[in-house]
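Nothing in this text is a laboratory measurement; each read-out follows from the coordinates by a stated rule. Remember, it's a predicted structure, so these values are computed and weren't measured experimentally. Counting neighbours? That spans all protein chains shown, and the Cβs are built from the backbone with ideal geometry, glycine included.
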Amino acid sequence: MAGRPRKASIETVLDRAMEVFWRLGYAEAAMSDLTEACGVGPSSLYRTFESKQELFRRAVERYAARDAAGLSALLETDDPHEMLGSMLDQAARSYVDPVLPRGCAVLSGRAADPDAARVLKDLREAFRTRVKDRIQQGVEAGQLRSDVDPEATSRVFLSLLQGLSNQAADGADSVSLLAMAQAARPWVDSLRQP
């Protein structure tokens, strides 16, 4: 029987568990699915993570830190207008990565379990707040129009990313997603200081 995952393999276990949660959903992911994918026994998973909820939380947080890193790195772009456009393009490409399930596990993820749902909601809100703060900085620096509402704009932007994610999950290909990202460009361009 497999023992407790070594520290060096915890990341692998979390990655494999995330793929199961992403593919099946939180409620539908049985411990047998998780242990088979992770290559460890149920008692080992419980000793290491204490509960299915904790395994989910840690797996989703690792996913968000690793797979959303491309989008998060774009938050550092000097021009917030370019940041928004680049994020749409990056999402359109990454949401159809053939190695992973389609879409974004955090942006499109839903869970009936209240604790699991809160983990996803908190991660989405944390990302949206970072986008809002960056938009606010752009307004204050005169890079974006002074009448741009950072709160509303960040919510619209998150909705665009969620739409791309949902379309990818429904089978849209990269050409379609990139066309959608381009179709949103006039709105992004409208935010720029003339």
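As an exercise, use a Förster radius of 25 Å and the Cβ-Cβ distance of ARG66 and ARG118 to find the FRET efficiency, rounded to the nearest 0.05.
So, using R0 = 25 Å, E works out to roughly 0.75.
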Can you check what the net charge comes to around GLY85, using other residues whose Cβ is under 11 Å from the Cβ of GLY85 (Lys, Arg +1; Asp, Glu -1)? -2
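Net charge near ARG128: determine it from the other residues with C-beta under 13 Å of the C-beta of ARG128, scoring Lys and Arg +1 and Asp and Glu -1.
+2
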Within the chain, helix-based [θ] at 222 nm, where runs of 4 or more DSSP H residues each add -39,500 (n - 2.57), nearest 500: -22000 deg cm²/dmol
When the charge dipole of region 113-174 is computed with +1 at the Cβ of Lys and Arg and -1 at the Cβ of Asp and Glu, the Cα pointing farthest to the positive end, of ALA172, LEU161, LEU144, is that of LEU144
Considering the options PHE21, LEU84, GLY109, tell which one lies farthest towards the positive end of the dipole of the chain, charges being +1 on Lys and Arg and -1 on Asp and Glu at the Cβ, about the Cα centre. PHE21
LEU144 long-range amide H proximity, modeled H, under 5 Å: VAL139, GLN193
